[in-house]
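The values are calculated or read from the model by the stated rules, or taken from the named source; none is laboratory data. It should be emphasised that the depicted structure is a prediction, and the values quoted were computed from it without experimental measurement. Neighbour counts are summed over all protein chains in view; Cβ atoms, including those assigned to glycine, are modelled from backbone coordinates with ideal geometry. Accessible surface is based on the protein model in full, side chains and every heavy atom, while ligands, DNA and RNA are left aside. Shrake-Rupley method; radii C 1.70, N 1.55, O 1.52, S 1.80 Å.
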Amino acid sequence: MGRMISLAVVLLGVWFILSGSTDPFLLASGVVSVLLVVIIAHRMGMIDEEGFPIQLLGGLILYLPWLVCQIALANLAVARTILAPVMKIDAGSAWVPASQKTPVGLVVFANSITLTPGTVSLSVLEDRIQVHALSRKGLEDLQRGEMDRRVCAVEGRR
Amino acid sequence: MFMAVTALLVLAMATTLVRVVRGPTPYDRILAVNVHGTMTVLLIAVTGYLTDRPDFLDLSIAYALLNFVGTLAALKYFRFGHLGDEP
Amino acid sequence: MSTLIDVVSWVALVAGGLLMVTSALGMVRLPDIFTRLHAGSLADTGGVALILLGLVLQTEPGLNTLKLLLIGVVLFLTTPAVSHAVGHAALLGGLSPDSSDIDDSQSAAS
């Protein structure tokens, strides 16, 4: 039930951002549409911890600043590789262990890997992820497992 | 000054088109089209500021969603030869 | 104060534009599909974030700020999925991710 209410709040927020009007008729049609969407999604069984993972919100807020720092550093590194007059590429791929317990946690981990320039997740299995990296250093950093631990911490906070 | 950003974005988009034309694999082309689309989203937003018409941001959101679905559909069609309606 | 905000936003906008050009250059220069994925994610993260930051600083706080943030959220949720899908499809399509150790003479010619 809490999950349905939070979904309704998020949808109402998006409706208001997109319409930007406080006209009572528009607001009322917004409420009706949101209720319809929530009811239909509930009937389809889509509002569970995978379809609308609001339970990760607290952990994600703590995790995002660290991820943004990593992305900024990786951006500089990849830009330097591309702009170097003589490109030195020691690209390669390897399997990185993933110790998340839920599918949503695994998705967060794989997306974090892909979002960081210089590393891309190629295929995702239940306990490991195949990663392609632009430099061996990026691969070694991932295999040391700091990002893995932090995503597990995101999962753990409920 | 928005002019400078617009010029940089158009330059980047033109350069990306080189990869779309050259290929060599279809994946390269799809990836390049997707990056081109991401740049288009920002170009639409910046154009809105350049011409002082903030309504362009709505077009930007719509294009961001279309770009995502379009790329995945193109990828799926290339891989399976249909979009899932055949047995 | 507003001059400072202006300066920061122009720096962010121009840096974002330059990062976009860098990413496009990488799309052309890098030797194979898997390394080009990294050039693409350069535009999807750094370029998008910097340009949107510059635009947010140029906007009066209000509805348009929220719309810019919504664009950012949508792009940050969808672009890694596309990168992963392209990489996975290329892998299934039989391209080898380990053969991209190419020296510079070849990549200049490609």
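So here's what we get for this one:
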{"item": "For chain C, projected area of the alpha-carbon convex hull averaged over all directions, nm²", "result": "8.2"}
{"item": "A:Lys137/A:Ser19 FRET efficiency (R0 56 Å; Cβ-Cβ; nearest 0.05)", "result": "0.75"}
{"item": "Calculated FRET value between A:Ala72 and C:Leu92, using beta carbons and R₀ = 45 Å, to 0.05", "result": "0.90"}
{"item": "Using alpha-carbon coordinates, inclination of helix A:24-43 to the longest axis of chain A, degrees", "result": "70"}
{"item": "Highest-MSF residue in chain C out of C:Ala15, C:Ala85, C:Ala39 [GNM, Cα springs under 10 Å]", "result": "C:Ala85"}
{"item": "1.4 Å probe accessible area per residue over chain C, in Å²", "result": "38"}
{"item": "Residue-averaged 222 nm ellipticity for chain A, from DSSP H runs of 4+ at -39500 (n - 2.57), nearest 500", "result": "-20500 deg cm²/dmol"}
{"item": "Sulfur and carbon atoms: percent of accessible area, segment A:55-156 [1.4 Å]", "result": "65"}
{"item": "Exposure of A:Ile17 as accessible area (Å², to 10), given a probe of 1.4 Å and all protein chains", "result": "30"}
{"item": "Among A:Ser121, A:Cys69, A:Ser21 - extreme Cα towards positive end, dipole of segment A:2-158, charges at beta-carbon", "result": "A:Cys69"}
{"item": "Acute angle (nearest 10 degrees) that the helix A:2-19 long axis makes with the longest principal axis of chain A, alpha-carbon atoms", "result": "90"}
{"item": "Size of charge dipole - segment B:20-87 - debye, nearest 20, with Cβ of Lys, Arg +1 and Asp, Glu -1, no other charges", "result": "280"}
{"item": "C-alpha long axis of helix A:57-83 to longest principal axis of chain A, angle in °", "result": "40"}
{"item": "Potential extension, A:Leu125-A:Leu36 segment - 0.36 nm per residue separation minus Cα distance", "result": "28.5 nm"}
{"item": "Shielding of A:119-129 by partner chains, average beta-carbon count, 10 Å", "result": "4"}
{"item": "Accessible area buried, both sides summed, chains C and B with 1.4 Å probe, Å²", "result": "3700"}
{"item": "Area buried, chain A against chain C - accessible surface, total, 1.4 angstrom probe, square angstrom", "result": "2900"}
{"item": "Straight-distance crosslink candidates among aspartates and glutamates, where the alpha carbon sits under 20 Å from B:Lys76 and sequence neighbours closer than 8 are dropped", "result": "B:Asp28, B:Asp85, B:Glu86"}
{"item": "Extension gain (nm, one decimal) between A:Glu50 and A:Lys101, 0.36 nm per residue minus Cα-Cα", "result": "17.1 nm"}
{"item": "Inter-probe distance in nm under a simple model that places probes 7 Å from Cα toward Cβ, at B:Thr51 and B:Ala4", "result": "2.4"}
{"item": "Contact order relative to length of segment A:55-156, as percent, for alpha carbon pairs under 8 angstrom and 6 or more apart", "result": "35"}
{"item": "Exposure of A:Trp66 as accessible area (Å², to 10), given a probe of 1.4 Å and all protein chains", "result": "40"}
{"item": "Calculated P(r) tail over 19 Å for chain A, as whole % of Cα pairs", "result": "64"}
{"item": "Inter-chain Cβ neighbour average for residues C:46-59, partner chain, 10 Å", "result": "4"}
